[in-house]
Every structure is written in structure tokens, then in C-alpha cells.
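So the structure is just underneath, and the comments pick up after that.
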């Protein structure tokens with residue numbers, strides 16, 4: 001696989017209103033594929049969220065005694081209620097990721113959800129609660145995973161979703177090096193004159 005060709009473009013504007021004499025822009029052949037790559041990433045995150053939401057929703061209707069205990073962080077909620085609430089949030093964000101919403105809304109919602117998951121795990125660690133997160137409900141028990149293994153798998157999924165969404169957020173901001181400048185290389189005064 002060959003590395004994409006990277007070109008350096010120089011753009012000149014001599015209009016004093018622009019206050020830019022020269023601008024550098026790095027352009028890669030893969031720039032056109034960035035939205036497709038991001039859409040693939042967002043779809044994969046939606047699949048992960050749908051699977052974990054389904055696992056949580058199914059587990060919430062189980063008969064395990066832990067479901068009736070208070071959550072260590074959200075102590076006003078029982079684990080069953082928290083599983084239903086989080087399953088609904090995950091399902092809502094998954095639906096949003098698959099919708100026709102703008103990429104910035106999709107990125108923001110995924111970053112928000114992942115940041116909340118990260119803060120919850122941090123809260124578990126700070127309070128000294130059991131390290132194993134029941135992120136998959138009792139599905140882990142059904143497929144033969146220990147709580148620790150399931151927790152590490154879900155931490156990996158969280159890292160994938162948070163890292164990917166932050167990467168695409170950063171890339172979306174870095175692509176716009178020169179805001180409000182004409183993209184066709186003509187001077188703004190020439191554009192306004194036409």
C-alpha cells in the first residue's frame with residue numbers, strides 16, 4: 001500500500017482587508033475520503049452502542065439480586081433503573097449516529113456519551129466500588145466472560161469510541177486552517193466585483 005501523496009499549496013492574497021499575505025495548506029489525496037472514513041467509524045460506534053444497549057435492556061429484566069441494589073455512584077437509582085436509563089441513552093445516541101444529523105452533532109453526542117462513561121468509571125475507582133463494570137449486563141456471564149474480562153473489553157470499546165470521535169473532531173477543526181478565505185484562489189475583491 002502506497003502512502004498518500006501530500007502536496008503543499010501556497011495561496012496569496014494581497015487584499016489588505018484579508019490581513020493574510022500567504023497561507024500554507026497541506027492537502028492529501030485522502031482528504032476526500034475523510035467523511036467516508038468518519039461515517040464508517042460512526043456506524044461502527046452505533047453498532048457497538050446498539051449491542052450494549054440491547055444487552056443492558058435484556059439484563060434489566062432479569063432476576064439477579066444485584067439489580068435491586070443501589071448503584072454506587074447514582075445511589076438514588078437501583079442498578080435495574082440505571083441499566084434501563086443507560087440503555088435508552090445508548091440507543092438514542094446510536095440512532096442519532098445513523099441519522100442524517102450533521103457530523104458535528106454526531107461527533108459531539110458520541111464524545112458526550114463517552115465522557116460520561118469515563119467519568120462514571122472514574123467515580124467507581126475513586127469511591128472504591130468494585131472495579132468490574134456491568135456494562136454488558138449479564139451477557140458476559142452468559143457467554144462465559146469473567147467480570148474483569150468484560151470490563152476490559154468494554155473499556156477498549158470506550159477507548160475506541162472516545163479516541164475515534166476526538167480524532168475526527170480534531171481533524172475537522174484542523175482542516176479549516178483559513179476561515180472565510182476564498183477556496184478558488186481568487187482575491188476576495190475580485191469575487192465581490194463580479
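Here, each number is a calculation from the coordinates, and none is a lab measurement. None of the values given here were measured: they were computed from a predicted structure. Quick reminder, even Gly has a Cβ in these numbers, built from the backbone with ideal geometry, and neighbours come from all protein chains shown.
Miscellaneous remarks
- Once the chain from residue 149 to residue 51 is taken as fully extended at 0.36 nm per residue, the excess over their C-alpha distance is 33.6 nm.
- Residues residue 88 and residue 166, FRET efficiency given R0 of 25 Å [Cβ-Cβ distance, rounded to 0.05]: 0.55
- Here the residues 69, 106, ranked from fewest to most Cβ neighbours within 10 Å of their Cβ, fall in the order 69, 106.
- Alpha carbon convex hull of region 57-131, volume per residue in cubic angstrom: 90
- Full-stretch length increase - residue 126, residue 36 - with 0.36 nm per residue and alpha-carbon distance subtracted: 28.5 nm
- Overall dimensions of region 34-175 by Cα: Rg and Dmax, Å: 15.6, 51
- Cβ crowding within 10 Å ranks 61, 168, 74, 41 as 61, 74, 41, 168, fewest other Cβ atoms first.
- Pair residue 77, residue 99: separation of 7 Å Cα→Cβ label points (nm): 2.0
- Highest mean packing comes first when the peptides 119-127, 77-85 are listed by Cβ atoms within 10 Å, giving 77-85, 119-127.
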